[in-house]
Amino acid sequence: MSRRKGKMPSFQTQSKFGDHIESTVLDCGLPVMVVPKRDFRKTYALIGVNYGSINNHFKTSIAKGKQRVPDGIAHFLEHKMFEKKDGDVMEKFSQLGCSSNAMTSFNHTGYLFETTGPPEVGLELLVDFVTRPYFTEELVQKEKGIIGEEIKMYLDDPSWRGFMGVLEDLYPGHPLSIDIAGSLESIAEIKASDLQLCYDAFYTPPNMHLAVAGPIDPKTVAEIAERVIHRNGKDAPVATENFAAKVRRKPLKRRRKVLSPVTNQKLYLGIKILADELPNVDPVDLEIALDIFLGAALGRSAPLYQELFRNGALDDSFGYSAYSEREYAFVMLSGDSPDAEALDRALCKGLTRCLDEGLATADLRRQRRKSFGELVRSYDSMSSLCWNLIECHAKGVDFAAYGDRVKALSNARIMEIARAALRPDRFSAHYLIPNRG
Amino acid sequence: MKEVDLFSQHELASGVILHHHRSKQWKKESLRIAFVGESDGDVAERSLGAYLFRHGHRRRRGMDRVSKYFQDLYGGGFSVRVSRTARHHLLDMRGMVVDGAFLPGKPNTFESLVEHAGAMLHEPWFKQRNFERDLLELERTNLLRAIDGLVDNKAQFADQRLTEEMFAGHPLAIPAYGRRDDVATAKFSAIVEALDRFAKEQPVLIYYVGSRSASAVKAILKRHLQLKGRSALRLKAFKGPAIRNRPKTFREQQEISQSRLAMGFRLEGYKRSQDLYPAHLGDAIFGGSSSSKLFRDVREKHSLAYSIHSAFEGGTGTLYVTAGTDSANLDRVTTLVKRHLKSMAAGKFQDQDRATALASIEHSLESSRDSAESMIGFHLGAQLSGRKNSHPAKVLRRYASVKPENVANVFERFKLDTVFRLEPLA
């Protein structure tokens, strides 16, 4: 392959709150975003891959036919990336005084390291280990015991069980209803060749992102990434297409009670959001609109929260989150209650009332201020910055424009989006009920 | 680089010290007001009182109005909570606001934060005649539900049961929020009295991190906080129960998929001044990091666990080991932990292990300086334990001066005291 030697990519610079976001795309297709932070000691670097547990059925230019891989393979692959012929990568990071980690979600895998020393060697190691896999049957077998224990740990976590329970009813037959780590049975099927196939299909530079924040020069980041990726021969193009599972419009069940070894009754209330019901709303605007709407409708200052708190229907464990991705979107409400079913009814009724009657302008204005302040504060955290950069980029949105989007969404538009997104026939609840008498 | 203390100290009144760190590194300003009391007595009352604080003050009554106030401050935050160290019980007020310089109109968000903190201290709603007493019962129910719900987090539950058993009869066995029975019966008048006493009599450590000068911070504190003089911080030596001659193993069963193992090792003849650094460094080699012996052997080599780690607690001289594993492997993991402890005592670790542990400690110390909360936590910890070294570089030098034989000596004196096994129902 011909290389334009010595030519460094040019960076686009955007200034926000006294910081500069430098972005470019390398020749190999890898998007790179750097926020130089000279006053900080720590450098945080993150490689994100647009690949997660839902990508289990696909077609790729490097293999014949449709591929259906075992559940949990994206997470398994993430574990195995740390082992190389010449030893464990995590240990190498430790020897350099860096700490490293990785995580897999439904649609993303992230590899990261942080250091307070010179970051160049760690960055080279990060890019190298993510672009140079080493899979053997022996190592795959060994990992099954470790991941099996991880799966069992989550089986004992009621909040994860409740969360997944709702997704099983919201997305039956869809990979979102399958645990990110898979099951003891599904991981038993995984072979080294499966890992290699998934790696080759998804770990391509254009399908990845690199974000770095800290005392480092953007050109150094680009030079290291370009050189290592080229050395590892990762710049050949690969076309991979996911087969999107069909999403049922309505949940399988409106509510489900599960007897469980928990102390307090727990409610998990999910609301499925369908993209085709939200024309002209991108995932970031949806996220901002839901954050502001839910804060005003269900936050501590909201009359609904106060009413439920004062009558003892909910407590400090209550929370809500909006998940807005390219591939899916849903809202999850959860909390302990003496009567999960009654809390479910009260929340649905209250939310419907907020959607029908609208929310006070002042309440939405305050939530908008809060969202803006949280955005400003996120620039103080190297990890928040890198994750925000990568998540926005994966959604096709410029993170530098996030604050302007928060300001630009009018109250009327927020209500319009919330009404289109949160439809009563998309609600599904899961109650965990103590099984002791 | 000049190693001045990270915080300059300013006595605002007797026993009321402002620790100030000025930097334009951050886009927020952080405030922490820590009242430091004894680790026993009134624990449940203070704990319930912390819940009452969130209902606001005379002029801003109700959780909703407090919440709206901070939303208007661009999502600032203020909380009151209790925590515990080996020797102290803390009532902590923590606040944070976005630095007004980064906001439209450049509002003085910090002064608004301190104004709220001052009003909470001097005229909390719960001390007003029109306070709605049923809120206490609500908060009591909330706290009791939270206490009961701890069992749902298996790792945390196992750690707590181990501590309760290991320090039975000592204040350390009392959870930071108090005993369940005490929470259930604490009277309103006792809560108000306990909080009053705490706020008026106990030493206060105030921390500020942000872009403001010390004189500007002092002026704002003077306007709104007005804390009167009180006795200075006293440091009492920790006296725990005697180490058991024979380790105690106890089991409980629950409906779970994975067993939890919690082991507590006490350091015989623990002298903080001599043993703290070798113990911490040894812990990093033994089980305190992802390159530790336990992680490499129990998890990576034998595939017996997903989570296994150790932590040395310097206040009590205790080394904790926790792991999640299949019940069939509990004995094997226990044996491996003991074996590695023995090998540490025999000095069987490499120079590379020591170098990696030092690098990990250095990273942790240095990166704490990028977070206002971590910097405050690090410094407050030093104050409460009487540690003189409060600059990370100085602390790091203490670690670097630890010799392998110092580590071996400490590990030789670790005695297994208590083992807790949380197992699936038969």
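Each reported figure results from applying straightforward, stated rules to the coordinates on display, with no laboratory input. Note that the structure is a prediction, hence the values are computed from the model and not measured. Every residue, glycine as well, gets a Cβ built from its backbone with ideal geometry; the counts of neighbours run over all protein chains shown.
If R0 is 60 Å, the Cβ-Cβ spacing of B:GLU11 and B:ALA355 corresponds to a FRET efficiency of close to 0.90.
Roughly what angle does helix B:109-122 make with the longest principal axis of chain B, taking Cα atoms, 0 to 90 degrees, to the nearest 10? With rounding to tens, the tilt is 90 degrees.
Comparing Cα centroids, the stretch A:46-116 and the stretch A:209-227 end up 20 angstrom apart. What is the local net charge at A:PRO261, summed over the other residues whose Cβ is closer than 12 Å to its Cβ (Lys, Arg +1; Asp, Glu -1)? Surrounding charge for A:PRO261 is 0. Between 0 and 90 degrees, rounded to the nearest ten: what's the tilt of helix A:120-130 against the longest Cα principal axis of chain A? Helix A:120-130 sits at roughly 80 degrees to that axis. Think of the protein assembly as shown as a dipole: +1 on every Lys or Arg Cβ, -1 on every Asp or Glu Cβ, centred on the Cα centre; then among A:ALA192, A:ALA340, A:ALA297, A:ALA297 lies furthest on the positive end. Structural descriptor for the stretch B:57-171: relative contact order 19 percent, calculated from alpha carbon pairs under 8 angstrom and at least 6 residues apart.
Along the axis of the charge dipole computed for chain B (Cβ charges of +1 for Lys and Arg, -1 for Asp and Glu, origin at the Cα centre), the listed residues B:ALA119, B:LEU425, B:ALA186 are led at the positive end by B:ALA119. Over chain B, DSSP H runs of length four or greater, each weighted -39,500 (n - 2.57), average out per residue to a 222 nm ellipticity of -13000 deg cm²/dmol. Taking the stretch A:258-353, which GluC sites (Glu not before Pro) meet the DSSP loop condition and have no more than 12 other C-beta atoms within 10 Å? In loop regions of the stretch A:258-353 (DSSP not H, G, I, E or B), there are no sparsely surrounded GluC sites (Glu not before Pro).
Taking amide hydrogens as placed 1.01 Å from N in the peptide plane, the amide H of A:ARG256 sits under 5 Å from those of A:ALA429, A:HIS430, A:TYR431, each at least 5 positions away in sequence or on another chain.
Compared with the dominant principal axis of the Cα atoms in chain A, helix A:283-298 is inclined by about 30°. Specify the inter-centroid distance of the stretch B:283-310 and the stretch A:349-378, based on alpha-carbon positions, in whole Å. The stretch B:283-310 and the stretch A:349-378 have Cα centres separated by 45 Å.
With a cut-off of 9 Å between beta carbons, the residues surrounding A:ASN242 carry a summed charge of -1, where Lys and Arg count +1 and Asp and Glu -1. Taking Cα centre as origin and charging only the Cβ of basic (Lys, Arg, +1) and acidic (Asp, Glu, -1) residues, the dipole magnitude of the stretch B:326-426 rounds to 480 debye.
Projecting the Cα atoms of A:VAL238, A:LEU286, A:ILE271 onto the charge dipole of the stretch A:216-288, computed from C-beta unit charges around the Cα centre, puts A:ILE271 farthest toward the positive end. The charge dipole of chain B, taken about its Cα centre with unit charges on the Cβ of Lys, Arg, Asp and Glu (plus for the first two, minus for the last two), comes to roughly 920 debye. For the peptide B:125-138, the mean number of other protein chain Cβ atoms found within 10 angstrom of a residue's Cβ is 1. Listed values for the stretch A:333-343 are Karplus-derived 3J(HN,Hα) couplings in whole Hz (6.51 cos²θ - 1.76 cosθ + 1.60, θ = phi - 60°), namely 10, 8, x, 7, 7, x, 9, 4, 5, 5, 5, and x replaces Gly and Pro. Tell me, what is the FRET efficiency for B:GLU405 and A:LEU259 to the nearest 0.05, using R0 = 51 angstrom and their Cβ-Cβ distance as r? E between B:GLU405 and A:LEU259, to the nearest 0.05, is 0.35.
Over chain A, dividing the summed -39,500 (n - 2.57) contributions of all DSSP H runs of at least 4 residues by the number of residues returns a 222 nm mean residue ellipticity of -12500 deg cm²/dmol. Using alpha-carbon pairs under 8 Å, 6+ residues apart, how would you state the relative contact order of the stretch A:70-200 in percent? Reported relative contact order: 36 percent.
At a threshold of 8 angstrom on Cα-Cα distance, excluding pairs fewer than six apart, so keeping six or more, what relative contact order does the stretch B:281-426 reach in percent? Here the relative contact order equals 25 percent. Dipole check for the stretch B:117-204: with +1 at the C-beta of Lys and Arg, -1 at the C-beta of Asp and Glu, and the Cα centre as origin, the magnitude is about 120 Debye. Largest mean-square fluctuation among A:PRO279, A:PRO70, A:PRO218, in a Gaussian network model of chain A whose springs join Cα atoms under 10 Å apart, belongs to A:PRO279. Reducing the stretch B:110-156 and the stretch B:218-247 to their Cα centroids gives an inter-centroid distance of 22 Å. Using a Förster distance of 25 Å, how high is the FRET efficiency between A:ASP282 and A:SER10, based on the Cβ-Cβ distance and rounded to 0.05? So, using R0 = 25 Å, E works out to roughly 0.40. Summing +1 for each Lys or Arg and -1 for each Asp or Glu among the other residues whose beta-carbon sits under 13 angstrom from that of B:ALA34 gives +3.
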